[in-house]
Amino acid sequence: MKELENDVIKAQPKYVSMDVKYQILSSMFILKYDRVEKVSTQASQIWKNIVDNQLFILKQVIKTLITQVFKIIISHDFEL
């Protein structure tokens, strides 16, 4: 897991594609704002540990992030 975590941080990941990297980072950003306090706290801590330059990362993942947000909005699942 630690090697996978390090891979997500790298500019050119070895084990995951860039799309998967962007999905992971976007999901983690979204989870930072979860209603469940434990989830948001954990996600914020993980985000803080793996992201050095938040603005740079958000610029990279903005398209993926917007897509995920729209999927959540149109979902019929109450949990989302």
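None of the figures in this text is laboratory data; all of them are computed from the coordinates on show. Since the structure is predicted, the reported quantities are computational estimates derived from the model, not experimental observations.
I need the phi-derived Karplus couplings for the range 31-36: 6.51 cos²θ - 1.76 cosθ + 1.60, θ = phi - 60°, integer Hz, Gly and Pro marked x.
5, 4, 10, 5, 5, 7
For the range 2-72, just the Cα atoms, rotate onto the principal axes and tell me the three extents in Å, largest first.
Extents along the principal axes: 33, 26, 20 Å.
Below 8 Å, C-alpha to C-alpha, sequence gap of six or more: please give me the relative contact order for the chain in percent.
Values: 49 pairs, mean separation 21.4, N = 80.
Relative contact order comes out at 27 percent.
Using the alpha-carbon atoms, what tilt in degrees (0 to 90, nearest 10) does helix 37-50 show relative to the longest principal axis of the chain?
Roughly 20 degrees between the two axes.
Quick check: residue separation of LYS48 and PHE78 times 0.36 nm, minus the Cα distance between them. What number comes out in nm? Don't jump to the answer; show the numbers that get you there.
Working: separation 30, 0.36 × 30 = 10.80 nm, distance 2.81 nm.
Once the chain is fully extended between LYS48 and PHE78, it gains 8.0 nm.
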